[in-house]
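The values are calculated or read from the model by the stated rules, or taken from the named source; none is laboratory data. Note that the structure is a prediction, hence the values are computed from the model and not measured. Glycine gets a Cβ as well: all are built from the backbone with ideal geometry, and neighbour counts include every protein chain shown. The accessibility values were calculated without ligands, DNA or RNA, using every heavy atom of the protein model including side chains. Shrake-Rupley method; radii C 1.70, N 1.55, O 1.52, S 1.80 Å.
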Amino acid sequence: MSNTLTEGGAKGRAGDKVFSGLTLFAGCLILVVLFAVAAFLILQAMPTFAADPAKITGGEGFWVYIWPIVIGTLIAAVIALLIATPVGIGVALFISHFAPRKMAQGLGYVVDLLAAIPSVVYGAWGIAVLAPALVPVYGWLAENAGWIPIFQGPASQTGKTMLTAGIVLSVMILPIITSLSREIFLQTPKLHEEAALAMGATRWEMIRMAVFPFARAGVISAVMLGLGRALGETMAVALVLSSGALIPSLIKSGNQTIAAEIALNFPEAFGLRLSELIAAGLILFVITLAVNMIARWIISRHKEFSGAN
Amino acid sequence: MSKRIDVNDLNVYYGNFLAVEGVNINIEPKSVTAFIGPSGCGKSTFLRTLNRMHEVLPGARVEGEVLLDGENLYGQGVDPVTVRSQIGMVFQRPNPFPTMSIRDNVLAGVKLNNKRMSKSDADALVEKSLTGANLWNEVKDRLDKPGSGLSGGQQQRLCIARAIAVKPEVILMDEPCSALDPISTLAIEDLIEELKNEYTVVIVTHNMQQAARVSDKTAFFNIAGTGKPGKLIEYNETGLIFSNPQEKATEDYVSGRFG
């Protein structure tokens, strides 16, 4: 007589093994891809670090060449975040907690549509529509706020400046921040929302007491994802920005970002120049990695109070 | 510090669905009133109309009057936010704010109304409220730890402390013990006994023994069938409801013949 206990289990376990094998494979694949990319970047960038500083673009070594565009990259990303974060969180809150249900749905779709627009279209819109429209604004800023270094004149007559690029980037990362934040806001436990309301909180107080603390980590992740895109975005900046040396003013032509620098120069690059650009890519990779790790750290710092326990 | 509640001809709706029909009830100050009845009979729904939490759900509305010492909660120009700050509520599942410390949880409601408060006043209020909720001795050494780290029964008492910290007129409890073990339930029931000295307490419970143990008066709600509105069947002294009910349905329910 066969033992039913030993027989029945074998089939189920085979499925389990296949599945755990698949998940293990998927997990390893990520590591392999990440390692391969890192290895490619480091190997290909090597010649740059070994080369005679005089031979690097600019003639003063790699770091002198790279740091202005690192700063430029960060400036563009920070402008984008400064605009997109409050707007994105506001729109998400409106959709999740204030808008009537039908309107919220429609608005949600519109925001998702923004994410579906190709970045080259954003770039084209930036040159054709946004930049000319901003020229008078920049003129006004240069005249009235010119004493602030970032608004120092004379303003660009084409509008193809860092601030324009930052604004275009902010529109591009808005859907990421909005849709992720909205999802998180909607997941706030009803229990906590009602606890706040039952104590006599107004809608806004309820949001501050129950929704924001719950959504904190998620919103930070959303912003970081947006930052990741802003840092790496190529097309829009390459099209919109009339690049140049690093300058403090955001309303003059000038500045450059790493991604745009690579995209604009890569087609004609060979030899050491190619290696330089790949090294620039490596730097961007490191920056993005650092941003993500900082985000993780911020989130984990408040683990005890996250509500997960 | 405690007010009476008089409800006149209250109908409660979810959209077009009439959930509770024609309730008339008078709740005395400084007493414990229990609402009992089978699931879905509308007792929790009715309870939530007493502090205007019912209307938080989309489409939910009421008709009729709820008078708090003669003032209609549903009168023109009455702000539900004010109503809720005077009528506290404790929910079925303990819901301290997970991101706040025990101390901040207690002060959460107070900070809404009165932003500025000296640290010593706040400390005194925290101690008084937690003592009032029989929780002080258990948490006094870890007031800065998150409230979510407490046991279920402690969390529920923390929620009660949070509710009494704002010095409400009335405390509503929606099955406060249904997620708790017997020991914690006993602690909450003892607490309800004490709360009665200062507040008007209204409690919804599934547990008839609990109603018999803690309440002065009991209201029995019932429903004629699914899709029909819930109604208040009988309201009387707790002793009479359990020993000598006037209605057949009440007798059937309290003697365990259904529900």
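Of all the criteria given as (1) within 14 Å of chain B (Cβ to nearest Cβ); (2) under 30 Å from B:Val90 (Cα atoms); (3) within 23 Å of the chain's Cα centre (by Cα); (4) open to solvent by 20 Å² or more (accessible area, probe 1.4 Å), the one not satisfied by A:Ile220 is (2).
Return yes when B:Ala161 is within 27 Å of B:Leu67 (Cα to Cα) and either assigned to a helix (DSSP H, G or I) or modelled with pLDDT of 90 or more (or both) and no when it is not. It is true that B:Ala161 is within 27 Å of B:Leu67 (Cα to Cα) and either assigned to a helix (DSSP H, G or I) or modelled with pLDDT of 90 or more (or both).
Please determine whether any residue of the stretch A:239-246 is assigned to a loop (DSSP other than H, G, I, E, B), within 26 Å of A:Ser170 (Cβ to Cβ) and open to solvent by less than 20 Å² (accessible area, probe 1.4 Å). There is at least one residue in the stretch A:239-246 that is assigned to a loop (DSSP other than H, G, I, E, B), within 26 Å of A:Ser170 (Cβ to Cβ) and open to solvent by less than 20 Å² (accessible area, probe 1.4 Å). Of A:Leu197, A:Leu191, A:Leu180, all but one fail to be part of a helix (DSSP H, G or I), open to solvent by 30 Å² or more (accessible area, probe 1.4 Å) and within 14 Å of chain B (Cβ to nearest Cβ); the exception is A:Leu191.
Here A:Met293 meets each of (1) away from chain B (no Cβ under 14 Å); (2) open to solvent by 20 Å² or more (accessible area, probe 1.4 Å); (3) in a helix (DSSP H, G or I); (4) touching a residue at least 60 places away in the same chain (Cβ under 8 Å) with one exception, condition (4). Kindly indicate whether any position in the stretch B:72-82 is at the interface with chain A (Cβ under 9 Å from one of its Cβ atoms), hydroxyl-bearing (Ser, Thr, Tyr) and in contact (Cβ under 8 Å) with a residue 40 or more places away in the chain. Among the residues of the stretch B:72-82, not one is at the interface with chain A (Cβ under 9 Å from one of its Cβ atoms), hydroxyl-bearing (Ser, Thr, Tyr) and in contact (Cβ under 8 Å) with a residue 40 or more places away in the chain, which makes the answer no. The residues of the stretch B:105-124 that are open to solvent by 20 Å² or more (accessible area, probe 1.4 Å) and either more than 10 Å from every other protein chain (Cβ to nearest Cβ) or outside any helix (DSSP H, G or I) (or both), listed by number, are B:Asn114, B:Lys115, B:Arg116, B:Met117, B:Ser118, B:Lys119, B:Ser120, B:Asp121, B:Asp123, B:Ala124. Scanning the stretch B:133-147 turns up at least one residue that is open to solvent by 50 Å² or more (accessible area, probe 1.4 Å), of a type in the set (S, T, N, Q) and at pLDDT 90 or above. Taking the stretch A:95-144 as the range and being more than 20 Å from A:Ala165 (Cα to Cα) and part of a loop (DSSP other than H, G, I, E, B) as the test, the residues that pass are A:Ala99, A:Pro100. Residue pairs whose Cβ atoms lie under 6 Å apart, separated by 6 or more positions or on different chains, with the first residue in the stretch B:85-104 and farther than 22 Å from B:Glu169 by Cβ and the second among the polar types (S, T, N, Q) and open to solvent by less than 10 Å² (accessible area, probe 1.4 Å), are B:Pro94/B:Gln156; B:Pro96/B:Asn105; B:Phe97/B:Asn105. Picking from residues in the stretch A:69-127 that are within 14 Å of chain B (Cβ to nearest Cβ) and under 13 Å from A:Ser181 (Cβ atoms), the one that is surrounded by the most Cβ atoms within 10 Å (Cβ to Cβ) is A:Ser96.
Would it be correct to say that B:Gln92 is in a loop (DSSP other than H, G, I, E, B) and either within 13 Å of chain A (Cβ to nearest Cβ) or in contact with a strand residue (DSSP E or B) (Cβ under 8 Å, 6 or more places away or on another chain) (or both)?
Values: in a loop (DSSP other than H, G, I, E, B): yes; either within 13 Å of chain A (Cβ to nearest Cβ) or in contact with a strand residue (DSSP E or B) (Cβ under 8 Å, 6 or more places away or on another chain) (or both): yes.
In short, yes.
For A:Ser249, are the conditions met, namely being modelled with pLDDT of 80 or more, open to solvent by less than 40 Å² (accessible area, probe 1.4 Å) and part of a loop (DSSP other than H, G, I, E, B)? Talk me through it step by step, then tell me what you get.
Working: modelled with pLDDT of 80 or more: yes; open to solvent by less than 40 Å² (accessible area, probe 1.4 Å): yes; part of a loop (DSSP other than H, G, I, E, B): yes.
Here the answer is yes, as A:Ser249 does meet what is asked.
Every residue in the stretch B:22-69 that is open to solvent by 10 Å² or more (accessible area, probe 1.4 Å), under 17 Å from the mean Cα position of the chain (by Cα) and without any contact (Cβ under 8 Å) to a residue 40 or more places away in the chain, please. Residues satisfying the conditions are B:Asn26, B:Arg52, B:Glu55, B:Val56.
Of all residues in the stretch B:120-139, those that are under 19 Å from B:Lys196 (Cα atoms) have Cβ atoms under 8 Å from Cβ atoms of residues that are open to solvent by 30 Å² or more (accessible area, probe 1.4 Å) and among the aromatic types (Phe, Trp, Tyr), 6 or more apart or on another chain, in B:Leu130/B:Trp136.
Output the number of residues of the stretch A:30-68 satisfying the condition of being among the small types (Gly, Ala, Ser), surrounded by fewer than 16 Cβ atoms within 10 Å (Cβ to Cβ) and within 24 Å of A:Glu233 (Cβ to Cβ). Number satisfying all stated conditions: 2.
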